[in-house]
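Each value in this text was obtained by applying a stated rule to the coordinates, not by laboratory testing. Computed from a predicted structure; not experimentally measured. In this analysis, Cβ positions are derived from the backbone assuming ideal geometry, glycine residues included, and neighbour counts consider all displayed protein chains.
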Amino acid sequence: MAGCEPLIEVRDLRVNFYTYAGVVKAIDGVSFRICRGETYCLVGETGCGKSVTARALTGLVLPPGRIEGGEVIYYRPEGPVNLLELDEEELRRIRGSEIAYVFQDPTAALDPLYTIGYQIAETMYEHGRVSRIKEGLAKAVEVLRSVFMPDPEKRAKSYPHELSGGMKQRSVIGIALSNKPRLLIADEPTTALDATIQAQLMDLLMELKRREDLTILLITHNLGLVAEVCDRVAVMYAGNIVEEAPVVELFKNPLHPYTKALLRAVPNPRRKSVRLESIPGTVPNLINPPPGCRFHPRCPVKKDVCSAKKPPEVWVGDGHRVACWLYA
């Protein structure tokens, strides 16, 4: 893509989960590139592989999951490196410092036994940002102030159960940003929050992106959020990327039948419809995924070839690609 200074590039990523019921083929040949300074979105139904993809970038896929193949090329200032070839200690130095995560459940991400300030200080100490925990505790207040936490001096001494949902999420964002990462992976950061707090948190992330020169990988199923904050979007279905485009292009000219169905399912006040449209059927069982295109059992315009062969990716414009036999 023209004008893209890559920060991280995923090539043919494959992840399986080995269960008693069989092998779950969760990620099947996913490839994408995130450019420095952009907000890149992975969007799709629950269970399509968004979170597994994000976790696989830094080796956070735990047993029974296994990364079976592919490359994750991270462009460090000193040169590119394949994250999947690094040992755990090398990955740990990158994870949490250069690449940080905001997970979708802040309550689960925070340790209930330690104060918010201590958890920020510990993160900074482990990655060499401060030489002592005491020094980190002093800086934790500034970290919380930078994410617009109300009364940061008091909240630094608070335990997670003493905070509201929005405050917990601000704390998790503060922990993620405390080591000045280059890439922030935000996995559905507004889940379970009311609309007002969701808007505040997204405004916060966009402000921090501008202020800290962040690159953001945002995982969501909220297309309204995608339209508002993202630069480029990849639509995932059943472990595959079926379409990728700049955000304006995707909304103006969606090509894949799944992308079109997702957009039709979004409430539109300008459209005179009695009922919301839905996508018939369900996400397939990835122990025995459908042959060919994994969307074909639910596709209203499928052809014979769709059930026989996996569709190739076709570039249909600058930065716009689609994997569908309608365009091959």
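Using only the alpha-carbon atoms, how far is helix 195-212 inclined from the longest principal axis of the chain? Give it as 0 to 90 degrees, nearest 10.
70
So which residue, out of Gln169, Gln104, Gln200, gets the largest mean-square fluctuation from a GNM of the chain using Cα contacts under 10 Å as springs?
Judging by the Gaussian network model, the answer is Gln200.
Quick one: 3J(HN,Hα) in Hz for the stretch 243-256, Karplus 6.51/-1.76/1.60 with θ = phi - 60°, rounded, Gly and Pro as x.
The phi angles translate into 7, 9, 6, x, 4, 5, 4, 5, 6, 7, 9, x, 10, 5 Hz.
Would you kindly state how much longer the chain becomes between Leu113 and Val248 on full extension, computed as 0.36 nm times their sequence separation minus their alpha carbon distance, in nm to one decimal?
Gain in length upon complete extension: 44.1 nm.
Which value, in debye to the nearest 20, describes the size of the charge dipole of the stretch 105-180 about its Cα centre when Lys and Arg Cβ atoms bear +1, Asp and Glu Cβ atoms bear -1, and nothing else is charged?
220
In whole Hz and in residue order, list the ³J(HN,Hα) couplings for the stretch 147-159 that follow from phi through the Karplus curve 6.51 cos²θ - 1.76 cosθ + 1.60, θ = phi - 60°; x for Gly and Pro.
Result, ordered by residue: 9, 6, 6, x, 6, x, 4, 6, 5, 5, 9, 8, 8 Hz.
How big is D, in µm² s⁻¹, for the chain by Stokes-Einstein at 25 °C and 0.890 mPa s if Rh is the Kirkwood radius over C-alpha pairs?
Rounded, D is 117 µm²/s.
Tell me, Glu135, Glu122 in order of fewest to most beta-carbon neighbours within 10 Å?
Listed from fewest to most nearby Cβ atoms, that is Glu135, Glu122.
Please rank Thr39, Thr196, fewest neighbouring Cβ atoms within 10 Å first, as an exposure proxy.
In increasing order of surrounding Cβ atoms, one gets Thr196, Thr39.
In what sequence do Val248, Val30 fall when counting other Cβ within 10 Å, fewest first?
Placing the least packed residue first, the sequence is Val248, Val30.
Near the amide H of Gly96, under 5 Å away, which other amide H atoms are found, from residues 5 or more places off or on another chain, if H is placed in the peptide plane?
Tyr101
Could you work out which residue, out of Pro63, Pro181, Pro284, moves most in a Gaussian network model of the chain, that is, has the largest mean-square fluctuation with Cα springs under 10 Å?
Ranking Pro63, Pro181, Pro284 by mean-square fluctuation puts Pro63 first.
Rounded to the nearest 5, what is the percent of antiparallel bridges among the DSSP beta bridges in the chain?
65
Per residue, how much space in cubic angstrom lies within the convex hull of the C-alpha atoms of the stretch 124-222?
Cα-based convex hull of the stretch 124-222, divided per residue, equals 103 Å³.
Averaged across orientations, what area in nm² does the convex hull of the alpha carbons in the stretch 41-174 project?
10.0
Starting from the Cα of Lys209, draw a straight line to each of the lysines and keep only those under 23 Å, dropping any in the same chain fewer than 8 residues away.
Candidates past the 8-residue exclusion: Lys50, Lys139, Lys168, Lys180.
If the cut-off is a Cα-Cα distance under 20 Å, which lysines reach Lys303, setting aside same-chain residues fewer than 8 apart in sequence?
Of all the lysines, those that pass the test against Lys303 - Cα under 20 Å, at least 8 places apart if same chain - are Lys260.
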